[in-house]
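Values in this text are rule-based calculations from the coordinates and carry no lab data. Note that the structure is a prediction, hence the values are computed from the model and not measured. Every residue, glycine among them, receives a Cβ derived from its backbone with ideal geometry; neighbour counts consider all protein chains shown.
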Amino acid sequence: QVQLVESGGGLVQAGGSLALSCAASGIAFSRYTMAWYRQSPGKQRELVASVASGGNTYYVNLVKGRFTISRDNAKNTMYLQMNSLKPDDTGVYYCNTLPVPTYWGQGTQVTVSS
């Protein structure tokens, strides 16, 4: 049974920070590239950042310099540190595999007020 459980979302003012976590079970976590996706109001679900099994990272331009993705393979956990948050960052954040996002969880809501 594959499960990806996101946590850490909340309500924050613009300029603030949040730290998200993704706890994985039922998969060979350390062998997958993992990624954070988000579903923002009025937009399709989109890739935010990814981290390969060996630690190489990728960020979309909109979050580059503000977000930091990381993983702890020993804990089967991925993280997303979000700083300097903007209202446009508002959405439901999901973790999943890359390039094929096979396992969707419930996500965690991030709301950034202006």
With 10 Å bins from 0: P(r) over the stretch 5-52, alpha-carbon pairs, percent = 20, 46, 28, 6
So if we plug the beta-carbon distance of Val2 and Asn56 into 1/(1 + (r/R0)^6) with R0 = 25 Å, what FRET efficiency do we get, rounded to 0.05?
-> 0.60
Could you go through the stretch 97-104 in sequence order and give the Karplus-derived ³J(HN,Hα) for each residue, using 6.51 cos²θ - 1.76 cosθ + 1.60 with θ = phi - 60°, rounded to whole Hz, and x for Gly and Pro?
-> 7, 9, x, 9, x, 8, 10, 8
Based on Cβ point charges of +1 for Lys and Arg and -1 for Asp and Glu, what charge dipole magnitude is obtained for the chain about its Cα centre, in debye rounded to the nearest 20?
-> 140
The stretch 55-99: relative contact order from alpha carbon pairs under 8 Å, six or more residues apart, as a whole percent, is 27
Potential extension, Thr102-Thr68 segment - 0.36 nm per residue separation minus Cα distance | 10.0 nm
So what's Rg/Rh here for the chain, counting alpha carbon atoms and using the Kirkwood radius for Rh?
-> 0.94
